[in-house]
Amino acid sequence: MKKVLVLYYSQSGQLKSVMDKIVAPLIQCGHVQCDYRNIEPQTPYPYPWPFYAFFNVFPEAVFLDGCPVEQVDADKEYDLIILGYTSWFLSPSIPVTGFLQSEQAKQLFKGKPVVTVIACRDMWLIAQEKMKSLLTDLGAHLIDNVVLTDQGKSLYSFVTTPRWLLTGKKDAFWFFPRAGVHKNEITATSRFGDRLCNALQNDEERSNLPLLRNMAAVSVNGKLIATEQIAHRSFLIWSKLIKKAGPQGSRGRNIVITIYAFFLLTLILTVVPLNMLIRKLISPFRKKALDKAVSYYEQPSGR
C-alpha cells in the first residue's frame, strides 16, 4: 500500500477545486492511501481581502517570512507528497511558506519526492524558484510541477484578479473575462492523478524522476519572463521600504503602502504595456536565449 500526503492552502477555494480533481483518482486507487490535508494558519487571513490587509502582507510574502501554522494530522513516512499553493506577490503564499519552515515539515519532507501544484494569475516563475529553495532546505526532491493560470490575457488579469481578491467577485464584466482558471482546465487535471496512480503502482516515484512528462503539466509564456524578473526586483525594493515603515497595520506602513499603490497603478497603466510591447517586438531576435529560459522554467515536468 503506497502512502501519499496531499497538502494545500486555498483562500478562494479555486486551488482546492484543482487539488480535488488531481487527488480523486488517487483516493479511488485500491493500492494508495491518500491523506488529504489543509494547511491552516493559526491566525486566519481574510477573504475577500481588505485593501490594506492585502498589502500589509506584501513584505512578509516577498521575504518568505512564514506565519505560524497548525500542525497537520499526518504520519511520518510517505511515498509521495503533493503540495498545492498559490502565488502571493511572486512568492509562495505565507501559510505554505510557514508550514515548510516548521519542524513538522522537516520530518515529513526529508528525502521525499514532491509534486507541486500551482494555480495563480500568470506569473509564478519566481514563486517556484523560491519553492525549489524551500524544498531543497528540507532535503526533498521536486520531481514534477503542475501549473494552471487564469483565463484571459495578461493585461485583463491586472484588473480581474485584484477585483476578485478584494471583492470576491470573479464574474465577467464589461469586456473583461471571468477571473480565475477555466473550469474545463481544472476538470482536465484529473489526468495527473491517473498518471500518479499508475506510477505509484509501478514504484516509479522511487527514481525521483519526473512522472508527468509530455502531459502538458506546465507551459511558460516566454514573453513574461523578463517582466516577472523586473517586477520581483521592484518588489524587493518596495518590500524593504514598507517593512522599515513599521509593523503590519501601523500608520507608517499604511502610508508607504498608499504611495506604493499609486506607483503600482501608474506602472500597470504605462510601463507594463510598453514593456510587453517591446518584449514582443524583440523576441524574434532573442529566440535562442528565450527558448533556453523557457526550457529551464518548465522543468522538471516540461510540456
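Each residue of segment 235-244 was assigned a 3J(HN,Hα) from its phi angle through the Karplus expression (A = 6.51, B = -1.76, C = 1.60, θ = phi - 60°), giving 4, 4, 5, 5, 4, 4, 5, 5, 5, 5 Hz with x at Gly and Pro.
The modelled label-to-label distance for the pair Glu40/Gln201, using points 7 Å beyond Cα in the direction of Cβ, is 3.5 nm. When the helices in the chain are scored as -39500 (n - 2.57) per DSSP H run of 4 or longer and the sum is shared across all residues, what 222 nm value do you end up with, to the nearest 500 deg cm²/dmol? Result for the chain, helices only: -15000 deg cm²/dmol.
Looking at the square roots a ≥ b ≥ c of the eigenvalues of the Cα gyration tensor of segment 104-211, which shape do they give, rounded for a/c under 1.5, prolate if a/b is larger than b/c, or oblate? The shape class here is prolate.
Computed 3J(HN,Hα) for segment 108-122, one whole-Hz value per residue from the Karplus formula 6.51 cos²θ - 1.76 cosθ + 1.60 where θ = phi - 60°, is 6, 8, 4, x, 9, x, 10, 10, 9, 10, 10, 10, 7, 5, 7, glycine and proline marked x. Within segment 79-220, DSSP assigns beta bridges of which about 20% are antiparallel (rounded to the nearest 5). Charged neighbours of Gln14, selected by a Cβ distance under 15 Å, balance to +3 (K, R count +1; D, E count -1).
Classification of segment 2-217 by its C-alpha gyration tensor yields an oblate form. The axis ratio a/c (a ≥ b ≥ c) is 1.5 or more, and b/c is at least a/b. For segment 136-142, the Karplus equation 6.51 cos²θ - 1.76 cosθ + 1.60, evaluated at θ = phi - 60°, returns couplings of 4, 4, 8, x, 8, 10, 6 Hz by residue, with Gly and Pro reported as x. Extension gain for the segment Thr266 to Glu77, taken as residue separation times 0.36 nm less the Cα-Cα distance, is 63.1 nm to one decimal. How far is it, in nm, from the label point at Lys3 to the one at Lys106 when both lie 7 Å from their Cα along the line to the Cβ? Here the answer is 2.0 nm between the modelled labels. DSSP assigns beta bridges within the chain; of those with both partners inside it, close to 15 percent run antiparallel. Under a 5 Å amide H cut-off, with hydrogens placed 1.01 Å from N, Val117 pairs with Leu83, Gly84, Tyr85, Val146 among residues at least 5 apart or on other chains.
Given a cut-off of under 8 Å on Cα pairs at least six residues apart, what relative contact order in percent is computed for the chain?
Relative contact order of the chain: 20 percent.
Amide H to amide H, with H built 1.01 Å from N, Cys67 comes under 5 Å of Gly98, counting only residues 5 or more places away or on other chains. Per-residue extension of 0.36 nm, minus the Cα-Cα distance of Tyr47 and Ser295, leaves a gain of 85.7 nm for this segment.
Neighbour counts of other Cβ atoms within 10 Å put Asp291, Asp122 in the fewest-to-most order Asp291, Asp122. For His232, neighbours were defined as the other residues whose beta-carbon sits under 12 Å from its Cβ, and their charges (Lys and Arg +1, Asp and Glu -1) total 0. Between the alpha-carbon centres of segment 196-273 and segment 128-173 there is a gap of 8 Å. Where both bridge residues fall in segment 1-76, DSSP classifies roughly 10% of the beta bridges as antiparallel. From least to most packed, judged by other beta carbons within 10 angstrom and beginning with the fewest, Asp75, Asp65 follow the order Asp75, Asp65. Summing +1 for each Lys or Arg and -1 for each Asp or Glu among the other residues whose beta-carbon sits under 12 angstrom from that of Ala140 gives +3. For Glu185 and Lys244, a Förster radius of 35 Å and the Cβ-Cβ distance give a FRET efficiency of 0.30, rounded to the nearest 0.05.
Values in this text are rule-based calculations from the coordinates and carry no lab data. As the structure is a computational prediction, the values presented were derived from the model and not from experiment. When we count neighbours, we look across all protein chains shown, and the Cβ atoms used for this are built from the backbone with ideal geometry, even at glycine.
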